[in-house]
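J.: Below you'll find the structure I mean.
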Amino acid sequence: MDFEKLAVWQRSKRLAIELYRILAGCRDYGFKDQVTRSALSIPSNIAEGMERRGSREKVWYLSVAKASCGELRTQLMIGGEIGYIDAGLASGWINETRELSRMLSGLINRMSN
């Protein structure tokens with residue numbers, strides 16, 4: 001299956017783009033770098049995993065993508081609380097990372113069986 005057709009890849013790519021755009025003017029480069037790296041890691045690891053031949057490799061990369069969802073969720077919570085990210089945007093993105101994690105869990109379970 002082409003990774004570009006996966007809804008989880010499409011949604012995670014969209015989230016990464018939104019975060020890059022919103023944080024473009026953030027002057028805390030350490031924070032911006034961490035958030036954008038976490039966000040970029042999700043669709044990137046989905047793509048890399050789906051391009052692998054073996055299901056064990058696919059599952060490993062999908063698991064890395066899922067872990068990046070948790071990392072990004074934490075950073076969004078902190079960013080919202082300290083005022084770097086609008087609270088409403090942060091809340092929506094936090095919910096999106098939860099949904100992406102659920103989607104990745106389902107994909108991992110299908111690949112593992």
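Computed from the coordinates by the stated procedures, all read-outs in this text should not be read as laboratory data. The shown structure was predicted, so the numbers you read here are calculated from the model rather than taken from an experiment. Quick reminder, even Gly has a Cβ in these numbers, built from the backbone with ideal geometry, and neighbours come from all protein chains shown.
J.: Once both axes come from the Cα atoms, what is the angle between helix 29-51 and the longest principal axis of the chain, in degrees from 0 to 90, rounded to 10?
T.: Tilt relative to the chain: about 10 degrees.
J.: Let's test the formula: R0 of 22 Å, r as the Cβ-Cβ distance of Ser105 and Met1. What FRET efficiency results, to the nearest 0.05?
T.: Details: r = 17 Å, r/R0 = 0.79.
Result of the calculation: an efficiency of 0.80.
J.: Tell me the relative contact order for the range 1-91 as a rounded percent, counting alpha carbon contacts under 8 Å between residues six or more apart. Please list the in-between numbers first.
T.: Working: 82 pairs, mean separation 23.1, N = 91.
Here the relative contact order equals 25 percent.
J.: DSSP loop trypsin sites (Lys or Arg not before Pro) in the range 30-113 with at most 10 other Cβ atoms within 10 Å of their Cβ, which ones?
T.: Details: sites: Lys32, Arg37, Arg52, Arg53, Arg56, Lys58, Lys66, Arg73, Arg98, Arg102, Arg110; in loops: Arg52, Arg53.
For trypsin sites (Lys or Arg not before Pro) across the range 30-113 that sit outside H, G, I, E and B with at most 10 neighbouring Cβ atoms in 10 Å, the list reads Arg53.
J.: Which entry is the computed Rg and Dmax of the Cα atoms in Å for this structure: [x] 14.1, 46; [y] 18.5, 77; [z] 17.9, 61?
T.: [x]
J.: Provide Thr36, Thr74 in ascending order of the number of other Cβ atoms located within 10 Å of each residue's Cβ, fewest first.
T.: Values: Thr36 18, Thr74 14.
The order, fewest Cβ neighbours first, is Thr74, Thr36.
J.: Tell me which lysines have Cα within less than 25 Å of Lys58's Cα, excluding those fewer than 8 residues away on the same chain?
T.: Cα-Cα hits under 25 Å: Lys5, Lys13, Lys66.
J.: Please work out whether the range 61-112 counts as rounded, prolate or oblate from its C-alpha gyration tensor, where a ≥ b ≥ c are the square roots of the eigenvalues and a/c under 1.5 means rounded, while otherwise a/b larger than b/c means prolate and anything else oblate?
T.: Prolate shape, in that a/c is at least 1.5 and a/b is the bigger ratio.
J.: Work out the FRET efficiency for Asn113 and Gln10 from their Cβ-Cβ distance, taking R0 = 22 Å, and round it to the nearest 0.05.
T.: That gives a FRET efficiency of 0.40.
J.: May I ask for the angle, rounded to the nearest 10°, between helix 7-22 and the longest principal axis of the chain, with both axes built from Cα atoms and the value confined to 0 to 90°?
T.: Helix 7-22 sits at roughly 20 degrees to that axis.
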